[in-house]
Amino acid sequence: MSEQQLISLISQMTIEEKISQLLQLAGPFFEGSESQGEITGPMAAMGVSDDSVRNSGSVLGLTGAKEVIQVQEAHLKNNRLGIPLLFMADIVHGYKTIFPVPLAIGCSWDMDMAENTAAIAAKEASVAGVHVTFAPMVDLVRDPRWGRVMESTGEDPFLNSEFARAFVRGFQGTDLTDDHSRVAACVKHFAAYGAAEGGRDYNTVDMSERQMREYYLPAYRAALDEGCEMVMTAFNTVDGIPASGNRRLMRDLLRDEWGFDGVLISDWGAVKEMIPHGIAVNEAEAAYKAIQAGVDIEMMTLCYENHLKAWIENGQVNESLIDEAVLRILTLKHKLGLFDNPYRGASIELEEKLILSEAHRQAARDAAAKSSVLLKNDNVLPLKEEQKVALIGPFSQSGDILGPWSWLGSKEEAVQLYTGMVDLVGSTHIKTAQGCAIETMTEAQLAEALVTAQDADVIVLALGEHSDMSGEAGCRGDITLPKVQLELITALKSLNKPMVAVLFNGRPLDLHGVYDQVDALLEAWYPGTEGGAAIADLLYGRQNPTARLTMSFPYALGQVPVYYNHFNTGRPQGAPDAQIRYVSQYLDMPNEPLLPFGFGLSYTTFEYSEATLSSSTITMEQPLTIKVLVTNTGDRSGEELVQLYVRDLSGEVVRPVKELKAFSRILLEPGESQEVTFTLAEEQLRYHHSNLEFNSDSGDFIAFIGGNSRDVAELKFTLTK
Ligand code: BGC
């Protein structure tokens, strides 16, 4: 269909039909849905009319070819003009083959892998009838109390932007009409949702526009530059105005400045939430503010549905705003090929063939191995097959390793750690006991664990948070492991045996009571469907850990937010002339996190030779190169992730103590050396000035090179303009 034909279709629509096109409802409202009629609680209270359902433009959370086909078929009969429904769903880190949570994928620093996980998710989802996924979530995160940090790739704007692009490429490919492999992506949550005060979900966000542009906005922008079709609003306020009613953010910035002409959807209920936020007295005012701000689709509330018509009739809202929104939605339907084939990729046959296929499971296993970060290893790992292992802890035999936003994945399909270990090395040397549940422990459980561990050569503890302890509305004010698990560690410590802990969780934790007690620590996050198999691969050295943290692990909760790209302050700790007291510090704990951004160990070791610069100056025309020789000094092959950071020593506004600019992964055999070369150009030194101009300043800089953001060599250079 041409744009002209779409416009002519719109001209045939009544005002009611147009407004309902902007409504998104959940599956149970629709004829043909298997849960039809199961509308209870708040959904029942919405009072949705049959007409609204018949005319609505999209549905969320309905998947499965059979059901999607049934619902679409019924809808085409019921809808006067036969306009197909768009099926949207949260396919965040896998459809049924569940990959590690995005924070874990972030720790892989591997864009090809990230893209591949999204491509597989898109393939499984598209044959199950999904057209749009509510992903990627690219909110920059600094506060591990926030449950949704597991949905993000971390605290760095550059890395988050690279991942945003990779996920969009994976979901959308180059051709959306490729209906058996691709879905449209919807980047979320615009904007700055990750900065919720106190790490409490839905809470206030307030920051300068400069800060937002510098750190929080780049990843959304990157997703759009990659062609992302949709944007979702955030629940939070931005400079005092909730995102879904924020005209400056949506119309001025997103649409006018960035030129985004795709579909903008509110988050679930976010339009109506303007009332409790306190910027709308009623639904009518909320509808007015959202449409003026540029929100096209209202998800799961009826402010548009019940009030836009009156606004048009009284002349306060121009009907052209509705027409534009409808056109954007119909254009997306057209791009997805729905006017030619409203069932698009939905295919029961292909679902059976593709979903959870061997190839997809293998990709999930590789992804989990590449995403788990080795945080400590005092010569305990890798395990040897002949070692007697006591596998203890609530995650030893648990399928709760998929993490939040894996609603279509099944815990029963997940490879548990015990199974993964036994499949790899047999059961002769592995004994297991639960020791405790996630938050409770009985004396009998503890006694059994102690007996099980008595004859072991090494104890492997499988610990963590259950998946409801993170994710949306999964915030915690205490980010240590639940107390009983710390007690379990202490009790087993009395046996005086080497101890390895494997953590299954959705956030950087306060590791007091863990890091200091165990000899080795592997952060597995929520590793997904093949989690147990992948962790077994790592524990037994079939895979050598390569992942690096993309979010700092705090020394203790009191430091939070703690992140690597912070400012220096006027009284930095450790400066040569610093006084003992009057410096920016805590009296009772270090300023530095326990484990910094970029940190992660391997089973081998690497040494860096002295780094060199091609020149001590960089100019507009002449970039400089930084070289360093890296040698594998251990006795097995391994990958090193060489990282380049920069600090601008004197900007027009204060610049962070370090900013990631580039990284390079190298694979080295034992004894092998390789020279790594980075090129640094003037563009990479640009930042937002006080007048919001994006530019660089002449002056002195430091380049840092190393295997994490803390242990680096420093080289000075000057930018002359
Ligand atoms: C979440 C979004 C999600 C939406 C639809 C909301 O509660 O914040 O991330 O896409 O629900 O499921």
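For region 604-720, what relative contact order do you get, as a whole percent, if you take Cα pairs closer than 8 Å and at least 6 residues apart? Mind dumping the intermediate values first?
Values: 278 pairs, mean separation 36.4, N = 117.
Normalised by residue count, the contact order of region 604-720 is 31 percent.
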- prompt: What spacing in nm lies between the two simple spin-label points modelled at Ala713 and Asp700, each 7 Å away from Cα in the Cβ direction?
  reply: 2.0
query: For region 475-577, which chymotrypsin sites (Phe, Trp or Tyr not before Pro) are both in a DSSP coil and crowded by at most 13 other Cβ atoms within 10 Å?
result: Phe567
message: Projecting each Cα onto the charge dipole of region 402-516 (Lys/Arg +1, Asp/Glu -1 at the beta carbon, about the Cα centre), which of Trp405, His466, Ala449 comes out farthest on the positive side?
response: Ala449
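Any chance you could run the full-extension gain for Glu412 through Asn318? It's 0.36 nm times the residue separation minus the Cα-Cα distance, nm to one decimal.
Gain on extension, Glu412 to Asn318, equals 28.6 nm.
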- prompt: With every protein chain left in place, what is the accessible area per residue of region 362-539 in square angstrom, probe 1.4 Å?
  reply: 34
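With the full set of protein chains in place, find how many percent of the accessible area of the chain is carbon and sulfur; take the probe as 1.4 Å.
Exposed carbon and sulfur together represent 47 percent of the surface.
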The chain, helix-only ellipticity at 222 nm - DSSP H runs n ≥ 4, -39,500 (n - 2.57), divided by all residues, nearest 500: -8000 deg cm²/dmol
message: Can you give me the accessible area per residue for region 173-219, using a 1.4 Å probe, in Å²?
response: 35
Under 25 Å from Lys716, Cα to Cα: lysines that are on another chain or at least 8 residues apart: Lys627, Lys658, Lys661
Low-density loop positions, chymotrypsin sites (Phe, Trp or Tyr not before Pro), region 625-721 - DSSP coil, at most 14 other Cβ in 10 Å: none
Over the chain, relative contact order from alpha-carbon pairs under 8 Å, at least 6 apart, %: 13
- prompt: Counting DSSP beta bridges with both partners in the chain, what percentage is antiparallel, nearest 5?
  reply: 55
task: For the chain, just the Cα atoms, rotate onto the principal axes and tell me the three extents in Å, largest first.
output: 75, 66, 44
query: Looking at region 493-588, which trypsin sites (Lys or Arg not before Pro) are in a loop (DSSP not H, G, I, E or B) and have at most 13 other Cβ atoms within 10 Å?
result: Arg581
message: For region 604-720, what does the accessible surface come to per residue with a 1.4 Å probe? Please give it in Å².
response: 45
- prompt: Put Cys475, Cys436 in order of accessible area, largest first, 1.4 Å probe: what do you get?
  reply: Cys475, Cys436
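The values are calculated or read from the model by the stated rules, or taken from the named source; none is laboratory data. All of these numbers come straight from a predicted model, not from anything done at the bench. Note: ideal-geometry Cβ built from the backbone for every residue, glycine included; neighbour counts use all protein chains shown. These accessible areas exclude ligands, DNA and RNA; they are computed on the full protein's heavy atoms, side chains included. Shrake-Rupley method; radii C 1.70, N 1.55, O 1.52, S 1.80 Å.
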